[in-house]
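Colleague: Got a structure for you, questions after.
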């Protein structure tokens, strides 16, 4: 027996309730709920007849009336709501196909977990430094956990769209612009749950460091162009090394089982994301403790400590010193690469905790080679 209300009906009904609250408050909302209830009762009766047309049109009429009322107070919002309703109504076939045939039960469950982490847990967490040395902001840490989940989901979508051999490397490169560390954690979760995807996951993890290098180039350029000139060769060699290592593992994945014989696996692993958050919290505590116990040990040591958590923050702080004249641009290379190196160590630890020994043994050489290439570039620059 066909259902009287589908995904479009629920979407439009939700929009109706929101508009009712916005336009008329609780009274109008109650009226709308009663109207929807009447439509539901009507739909129950109609489901016993053949060729049931559904309830979307009826509820869309209610929404249209409310949009007209809303247009008096907020034309822009009403226009946006009208477009949303039109898209839902026009996408009947595509939406039904997507929900009924494209999405799997595991993917729906994963989407609900991600939604709960974002909409339920996140608002409950305090947004202030807490714990020993005031080192940990629970909200910030949980945001990174959500980021790992979201990157895992993006990788899953890429695998579904591009195939397992190209999807993860491309997702890793793109996600690295959000967070290379979180990307390495998400790729590790994928490699742990689906070992057949190991080469592609490693490629995605290492290619995420390309984004790290590109972002560092941009932030240093924004703060101090002379410092970027001094860093040009180290950053270029690091980026090229990351690309080469990522290509090697992408090609290795091509020689594995064809796409059609591999399961895309789970969208993400909640347990791995939680382990990632716990590990990052421990690293933040360690960095704060070292800073509290040993104080200001110089630009290089300070950048190294900052790099444990964020390589870009370390680079920005050192480049700012160079811009203010407190540090020569050439002398800024060492502290920035110190932060880059300790950040690489953090990535290796996260790779081991998220993806296990086999994953870490493949990611770590790539991260070390990228870091070594940066230092080699610094030595060549000084020798020139």
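The values are calculated or read from the model by the stated rules, or taken from the named source; none is laboratory data. Here the structure is a predicted model, which is why all the values come from computation and not from measurement. Don't worry about glycine lacking a Cβ; one is built from the backbone with ideal geometry, like all the others, and counts go over all protein chains shown.
Colleague: Limited to segment 349-384, what total is found for residues that are assigned to a helix (DSSP H, G or I) and more than 28 Å from the chain's Cα centre (by Cα)? First the steps, then the outcome.
Modeller: Residues of segment 349-384 that are assigned to a helix (DSSP H, G or I), as a first pass: 349-383.
Remaining after also requiring more than 28 Å from the chain's Cα centre (by Cα): 375-383.
Adding up the residues that qualify gives 9.
Colleague: Tell me which residues, restricted to segment 150-203, are modelled with pLDDT under 85, under 19 Å from residue 106 (Cα atoms) and under 11 Å from the mean Cα position of the chain (by Cα).
Modeller: 150, 151, 152, 153, 154, 155
Colleague: Moving on. Does any residue of segment 339-348 turn out to be under 23 Å from residue 252 (Cα atoms), part of a helix (DSSP H, G or I) and out of contact with any strand residue (DSSP E or B) (no Cβ under 9 Å at 6 or more places or on another chain)? Break it down stepwise before answering.
Modeller: Let us first name the residues in segment 339-348 that are under 23 Å from residue 252 (Cα atoms), namely 347-348.
Checking the rest, the ones that are also part of a helix (DSSP H, G or I) come to 347-348.
Still in the running and out of contact with any strand residue (DSSP E or B) (no Cβ under 9 Å at 6 or more places or on another chain): 347-348.
Taking every residue of segment 339-348 in turn, at least one turns out to be under 23 Å from residue 252 (Cα atoms), part of a helix (DSSP H, G or I) and out of contact with any strand residue (DSSP E or B) (no Cβ under 9 Å at 6 or more places or on another chain).
Colleague: Additional query: Could you tell me whether segment 296-309 includes any residue that is under 22 Å from the mean Cα position of the chain (by Cα), part of a loop (DSSP other than H, G, I, E, B) and modelled with pLDDT under 90?
Modeller: yes
Colleague: Right, here's the next one. Return yes or no: is residue 5 outside any helix (DSSP H, G or I) and either modelled with pLDDT of 70 or more or surrounded by 15 or more Cβ atoms within 10 Å (Cβ to Cβ) (or both)? Talk me through it step by step, then tell me what you get.
Modeller: Details: outside any helix (DSSP H, G or I): yes; either modelled with pLDDT of 70 or more or surrounded by 15 or more Cβ atoms within 10 Å (Cβ to Cβ) (or both): yes.
So residue 5 passes the test.
Colleague: Please verify whether residue 352 is surrounded by fewer than 20 Cβ atoms within 10 Å (Cβ to Cβ) and out of contact with any helix residue (DSSP H, G or I) (no Cβ under 7 Å at 6 or more places or on another chain), treating the condition exactly as stated.
Modeller: Numbers: surrounded by fewer than 20 Cβ atoms within 10 Å (Cβ to Cβ): yes; out of contact with any helix residue (DSSP H, G or I) (no Cβ under 7 Å at 6 or more places or on another chain): no.
In short, no.
Colleague: List pairs: first residue in segment 318-345 and more than 23 Å from residue 180 (Cα to Cα), second residue assigned to a loop (DSSP other than H, G, I, E, B) anywhere in the structure, Cβ distance under 6 angstrom, at least six positions apart or on different chains.
Modeller: 321/327; 322/224; 323/224
Colleague: Given (1) in a helix (DSSP H, G or I); (2) over 23 Å from residue 279 (Cβ atoms), identify the lone condition not met by residue 326.
Modeller: Going through the list (1) in a helix (DSSP H, G or I); (2) over 23 Å from residue 279 (Cβ atoms), residue 326 breaks only (1).
Colleague: Can you confirm whether residue 39 is farther than 30 Å from residue 156 by Cα and modelled with pLDDT under 75?
Modeller: On the way: farther than 30 Å from residue 156 by Cα: yes; modelled with pLDDT under 75: yes.
Here the answer is yes, as residue 39 does meet what is asked.
Colleague: Another question, then. May I ask you to verify whether residue 115 is closer than 30 Å to residue 142 by Cβ and modelled with pLDDT of 70 or more?
Modeller: Here the answer is yes, as residue 115 does meet what is asked.
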